[in-house]
Structure formats: C-alpha cells, structure tokens
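**Q** Please read through the structure below; I'll follow up with questions.
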Amino acid sequence: MNATSTRIRLSVAVDAALLAMVPLGLNILRLLDPNGSKIFGIALLLLLLFKNLLLMPGVSGAHQKRIYSESISRRLDPRIMLPLVLMLILISIAVWRALGFFYTFSNVFSNVALLVFGLIGAATAYLNADNDEERWLLLKAAPIGIFLLVVANIVGFAVGFRSAPVLGEERLNQTLSLVGVTAGRVLFPLTVGTNAFGSVCALGVISSFLLWDRRSVAACLFAVLTAGVCFLALVAVDSRAAMAAIVAAGFWLFLVRRVSVLRYLPLGLVVIGPFVPFLLAALFRAINDNGLLSGLVRAGSQGAKLGVGTGRQFIWTAAQQQIANAEPLHLIGFGAYGPAQSKFSASYAWIFNELGQTATSVHNTMLQNFFDMGYVGVAVWVWCLFAVVSRALKLSKLSRDRGFLSVVVATLGFLLLQMQTEVVVTIYGAEIIFFFVVLAVSISAFASAKLRPGE
C-alpha cells in the first residue's frame, strides 16, 4: 500500500468515526433539556465538510481530484441521488413553512442544516472511498451510531436521568409481563417518545448484522454485543410494533435464500405503501368490533378505550375522510406538523388529549408526508424508496458480499414496516433519517461501483 492509499484509508476512517458520532451529537443535550439543541451533531457534520471540501483537498491532490475533478455520477448512482436530493429539498421546504407555528428560526436552521450537511457530508465521504472495504467501513458507521445513542440512553438512565411520564402515569411493560415480570415502560432520557426510541433500538438490532465479519472474531463479538444491547433496550421501552418489525425482517432474511421470490417483498411494500394505513384501519376495526386479540390492548387510562392498534384505526379513518374532501393544499401539503397546521388533527385529538399531548402525528409515515408535503411529497418519497430498494435488490444478487447486501435490504424492509405504524425516516426522528441518508448514499456508491450502466 503506497503513501497515497494510506492517507485515503485514514481519511475514510476519520469520516466513518465522524458519521458514527452524529446521532449521539444530535441528542446529547437532551440530558439537560428535553428540547435540547442538535448543535453537536451539526458541528460534527460541519467538521466532516471542512475536512473533505477544504482541508484534505488543500493538502492532497488525490482528494482534490475525487471531490472536484471526477464526475460525481461515476461514484454515486444518480438514480438514487436525484430522488433523495428532491426528497430532502421538499422536507426542508416543509420545515421552513412551519416557521412561527411549531418551529423557531433556530429549529428551522438546525433541521435544514442536518438534512443538507448530512447529505453532502455522507456524499463527500463516499466520493473519497476507493474500494469496497472503504465503502463498507463508511456503511458500518450507521449501525455504530445507533448503538452509541442506545448506550448513551442506558447510561443516562442508570445514573438517574429520565424522561417525564405522561401525566405521571407509569404504563405497564407488556413485553416483560409475558414472562411474568411486572414493570413499567422505561423512560429513557434521550428520546422523543417511547415508540420513537423503540424504532431506534430495533433499527440497531437489525442493522447490527452489518458489523458481522467472519474473518474477525472481534467484529463478530461486537455485532452480537450491539444486537444484544439494542434488543434489551427495545424490551425495556416496550415498543411492540418495532419488535414485530425486526422479527418480520429477520424472518425474511432467513427465508429469502430459500424462496427467492420473497426478495421482492420490500419492493412490493413500497408500491402498496400509500394504501396500507387504510387497509390496517379496516383490519383494526374488525378486530376491535369483534373483541379479538384483547390481550394486545395496552393497559392504562386510554388503552381500554382505544383497543388493538392504540387508536390508529380512528386516526387513519379520519385521514381517509380528510383526503376524500380534496382541496388545493393537498397538492403540496401544509408544511411540517401538517396534521396540526391543517387543523385536521382536531378530529382525532381526543386520543391524545387525555394523555396531555398535542396531536401532531398520524402514526404512519406516508400519511405524515401527505399532510406535510402533499401528493408531490408522497410521489417523490415513493420514487426515492423505490430507487433505493430496487438498487439494493440488484446488488444483493451479486455473489460477493451477498450476505451483507441482504442485510441492507432487510434493514430497509424493517424501516418500511415501521413506516406503516410510526412516523420514521422523517425530520421528526433526526437519527433515523440521518441513518437512512447514509444508507441510501452507500447503496448509491456500491451501485456505481458494481453495476454496469443500464442495469
């Protein structure tokens, strides 16, 4: 390995370390204030940009060539990058439209900075990568970042930091109750809602397998440690939908090598995604009207009233009625926190108001995107997901690294499942949308390197 290759490898390792620390940097100030600033995460991204756009090109001709001379399309697949960029632009516009409603100027700046700097930072890191080993190193930064955030939550909880319970109500942990343990749901300190953190923990479990490397015992042990820690946190926070999603994604990963047609399931979920909440609403209605699966009803002041699905059937039915009453703003949406800005959330606010919460979420990513960014946003989001998943599926057919790339598809499948019952891969969950951006850019980089033009 010559001196230039050594510098490139070291530069990529520094990029991976910076990317891995971003999720924790975005949340660490929540220890002091539940609405803590994202400033440390933004600072890490600015450091990454300074290094890749100014520092390294200034001292290394190889870096300068990769960043400023070579065609970006030779290193990053435009079929992924174009819809990804358009999606992040639409989210940024939606955030700006919420200025003065839910967001202050500092909120708007930090959220837009995360999207813009996160995309450019990840892209410049991959532009510098020379080979698959370096690309894998950058991709592994994503699950490590989630792991660090989960560990920080556990440590913070252990030393006495807590999120405040809603109206002082400690809700029963139904996962632990299945094994005879009576306990409440753990309120970790660096979270925005228990279900949101459940999604983070489950993402850490499924993506931890990207860290597995048969050539290294240490890497395998670290992958097992990551999965174990994230799973324990998931059990403690008791997000049953997230747990079901990782079980389904893991089951798919197990079966797909035996039944090849199953590999197209994630792509099918992208296609039917806009219709899923209405199908689930009808399913939950049938279950609750007939008193089925009552053991799944969460105990507490609201659980018995809301039934299986914890009120989602009412939200999605109301959304269906709202969409049926077409109006011009449905084309472009109402901006961030669209359900509240449009006053639509008033129709289902009773679900949350008894718990002392403001109704802003529709518990479905596609519907949230509709109210935030309209039909335009939904169309671009479906395009982006279809591009990312379809390119990942093509890559997963390659004999080399097939197992790793299948884990990438399984991770995407998990996110697709979580989108059906929670609002994830949106600006409301900064660490997960950052994870998705890094994952999408990595698939773009691998596609440019491995797939022939026209594939």
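**Q** Given segment 39-105, what whole percent of its Cα pairs are spread farther than 20 Å?
**A** Numbers: 1236 of 2211 pairs.
Tail of the P(r) past 20 Å holds 56 percent of the pairs.
**Q** So how strong a dipole does the chain carry about its Cα centre when Lys and Arg Cβ are +1 and Asp and Glu Cβ are -1, to the nearest 20 debye?
**A** 1040 debye
**Q** What spacing in nm lies between the two simple spin-label points modelled at residue 43 and residue 31, each 7 Å away from Cα in the Cβ direction?
**A** It is 1.3 nm.
**Q** Between residue 59 and residue 104, what is 0.36 nm times their sequence separation minus the Cα-Cα distance? Round to one decimal in nm.
**A** 12.2 nm
**Q** OK, next. Dipole size in debye (nearest 20) for segment 9-147 around its Cα centre, Lys and Arg Cβ +1, Asp and Glu Cβ -1? It would help to have the intermediate numbers written out before the result.
**A** Details: 12 positive and 8 negative charges, 32 e Å.
Here the size comes out at about 160 debye.
**Q** Can I ask one more? If you work out Cα extents along the principal axes in Å from the coordinates, which of (i) 68, 52, 49; (ii) 78, 58, 35; (iii) 74, 53, 43 do you get?
**A** Given (i) 68, 52, 49; (ii) 78, 58, 35; (iii) 74, 53, 43, the calculated one carries the label (i).
**Q** Full-extension gain between residue 286 and residue 258, please, as 0.36 nm times their residue separation minus the C-alpha to C-alpha distance. Could you put the intermediate results ahead of the total?
**A** Values: separation 28, 0.36 × 28 = 10.08 nm, distance 3.42 nm.
Stretched out fully, the residue 286 to residue 258 stretch lengthens by 6.7 nm.
**Q** Okay, next question. Over the chain, how many pairs of lysines fall under 28 Å by alpha carbon, counting only those 8 or more apart in sequence or from different chains?
**A** Value for the chain: 13.
**Q** While we're looking at this one, here's another question. Round to a whole angstrom and tell me the spacing of the C-alpha centers of segment 426-455 and segment 1-56.
**A** With segment 426-455 and segment 1-56 each reduced to a Cα centre, they are spaced 18 Å.
**Q** Still on this structure: Starting from 0.36 nm per residue, how many nanometres of slack lie between residue 182 and residue 220 once their C-alpha separation is accounted for?
**A** Between residue 182 and residue 220, full extension yields an extra 10.3 nm.
**Q** Using +1 at the C-beta of Lys and Arg and -1 at the C-beta of Asp and Glu, which of 151, 68, 260 has the Cα lying farthest in the positive direction of the dipole of the chain?
**A** 260
**Q** Let me ask you something else. Can you classify segment 1-122 as rounded, prolate or oblate using the Cα gyration tensor, where a ≥ b ≥ c are the square roots of its eigenvalues, rounded means a/c under 1.5, and otherwise it's prolate if a/b beats b/c and oblate if not?
**A** oblate
**Q** Pop the C-beta distance of residue 278 and residue 451 into the FRET formula with R0 = 51 Å and round what comes out to the nearest 0.05.
**A** 0.90
**Q** Still on this model: Does segment 20-59 come out rounded, prolate or oblate, given a ≥ b ≥ c as the square roots of the eigenvalues of its C-alpha gyration tensor, rounded meaning a/c under 1.5 and, failing that, prolate meaning a/b above b/c? Provide the component values of the computation, followed by the final result.
**A** On the way: a/c = 5.50, a/b = 3.54, b/c = 1.55.
Note, shape of segment 20-59 comes out prolate.
**Q** Just rank 216, 37, 199, 345, fewest to most, by other beta-carbon atoms within 10 angstrom.
**A** 216, 37, 345, 199
**Q** Dipole of segment 80-202, Cα-centred, from +1 at each Lys and Arg C-beta and -1 at each Asp and Glu C-beta, to the nearest 20 debye?
**A** My answer is approximately 380 debye.
**Q** Identify, among 178, 123, 212, the residue whose Cα sits farthest towards the positive end of the charge dipole of segment 121-215, taking +1 on the Cβ of Lys and Arg and -1 on the Cβ of Asp and Glu, with the dipole about the Cα centre.
**A** Comparing the listed Cα positions along the dipole, 178 ranks first.
**Q** Can you compute the helix-only [θ] at 222 nm over the chain? Use -39500 (n - 2.57) per DSSP H run of at least 4 residues, normalise by all residues, nearest 500 deg cm²/dmol.
**A** When only DSSP H runs of four or more count, the value is -20500 deg cm²/dmol.
Read-outs: derived from the displayed coordinates by stated rules, not from any lab. These numbers were taken from a predicted model, which means no experiment stands behind them. With ideal geometry, Cβ positions are generated from the backbone for all residues, glycine too; neighbour counts draw on all protein chains shown.
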